[in-house]
Amino acid sequence: MRNRPGVSRRTFIASGVAALAAPALAGCGLFGEDSEPSQRLTARPGVPTATPELGLRKLAVGSGRDGNLYVPRSYSPDVPIPLFVALHGHGGSCDDWSGFYEDAEARGFVLLAPDSRGESWDRGYGEFGPDVYFLDQALRLAFQRCRVDPAKLALAGFSDGASYTLSLGVSNGDLFSHLIAYSAGYYAPAPPFVGRPPIYISHGTRDANLPIAGTRDGIVPRLRAAGYDVTFREFDGVHEVPAAIGDESADWFLGTG
């Protein structure tokens, strides 16, 4: 689902129909000749080797669709900082998360928002592949520039981005400390399953794009049965992230609620 940017502070509203099946993204040129697609991410936080630009900057990783890195002006290399990795919805882009820049400043976290390689994330087309590789590159860049707190490293997403967060996140629970899914449409993991990060999931009761029943009666029970600690929030709304849900999920992630 495409979430229209700038609707209001940390509120997305989406329209359209999710593309859960489409031709595979072949020939993207993002993998080396000897590389095999995998859902495992290899980038890890460490000692930064560069000084970040404060505020908003483009990732400038690869070519074509890119991504944004927002570093709050309160950032200090002497203090590990939380990192919020944000995945857009179907047909969207990194700019859809611009409403979160104010929160990054106010709450003191870095926001990393990569673009999917195609119109949406690769798992929705079949297999994990070029999006995992690009996300690994984006994370490596963020870790090179920012001293990230490994205990406060969230993977979050809206709509198709939420589906990708859940599907990819369970294979990378040794990297992501928290998973946040706003209005997911599917959960399609693939082994290995690593770690058990806590998960926050929200969904609107009047969502006509991705009905809540799929999350409430399918995704949430499935995750809980697998041993995950899931916080599930239904709200009276459509395909969106209301400000109250954004605030609550941020407090949940940062441990300030």
Which ones in segment 55-94 are within 15 Å of the chain's Cα centre (by Cα) and either aliphatic (A, V, I, L, M) or under 19 Å from residue 148 (Cα atoms) (or both)? 67, 68, 69, 70, 82, 83, 84, 85, 86, 87
Got a sec? Which of 120, 163, 183, 177 is of a type in the set (Gly, Ala, Ser) and surrounded by fewer than 23 Cβ atoms within 10 Å (Cβ to Cβ)? 177
Conditions: (1) touching a Pro at 6+ places or on another chain (Cβ under 8 Å); (2) assigned to a strand (DSSP E or B); (3) more than 20 Å from residue 187 (Cα to Cα). Residue 96 meets all but one. Number of the miss? (2)
Among the residues in segment 154-169, are any over 22 Å from residue 245 (Cα atoms) and in contact (Cβ under 8 Å) with a residue 40 or more places away in the chain? yes
Would you be able to say whether some residue in segment 19-41 is over 30 Å from residue 211 (Cβ atoms), in a loop (DSSP other than H, G, I, E, B) and modelled with pLDDT of 95 or more? yes
Would you mind finding the one in 151, 156 that is under 18 Å from the mean Cα position of the chain (by Cα), hydrophobic (A, V, I, L, M, F, W, C), surrounded by fewer than 16 Cβ atoms within 10 Å (Cβ to Cβ) and assigned to a strand (DSSP E or B)? 151
Among residues of segment 113-148 being closer than 16 Å to residue 185 by Cβ and not in a helix (DSSP H, G or I), the residue farthest from the chain's Cα centre (by Cα) is 126
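For (1) surrounded by fewer than 23 Cβ atoms within 10 Å (Cβ to Cβ); (2) out of contact with any Lys or Arg (no Cβ under 6 Å at 6 or more places or on another chain); (3) among the aromatic types (Phe, Trp, Tyr); (4) within 24 Å of residue 174 (Cα to Cα), each residue gets a yes or a no:
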position: 93; (1), (2), (3), (4): yes, yes, no, no
position: 109; (1), (2), (3), (4): no, yes, yes, yes
position: 136; (1), (2), (3), (4): yes, yes, no, yes
position: 142; (1), (2), (3), (4): no, yes, no, yes
Run down 235, 253 and say which single residue is in contact (Cβ under 8 Å) with a residue 12 or more places away in the chain and surrounded by 20 or more Cβ atoms within 10 Å (Cβ to Cβ). 253
Residue 103 fails exactly one of (1) outside any strand (DSSP E or B); (2) touching an Asp or Glu at 6+ places or on another chain (Cβ under 8 Å); (3) surrounded by 17 or more Cβ atoms within 10 Å (Cβ to Cβ); (4) not β-branched (Val, Ile, Thr), namely (2)
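The values are calculated or read from the model by the stated rules, or taken from the named source; none is laboratory data. Everything quoted here is computed from the prediction, not taken from an experiment. We place every Cβ from the backbone using ideal geometry, glycine too, and count neighbours over all the protein chains shown.
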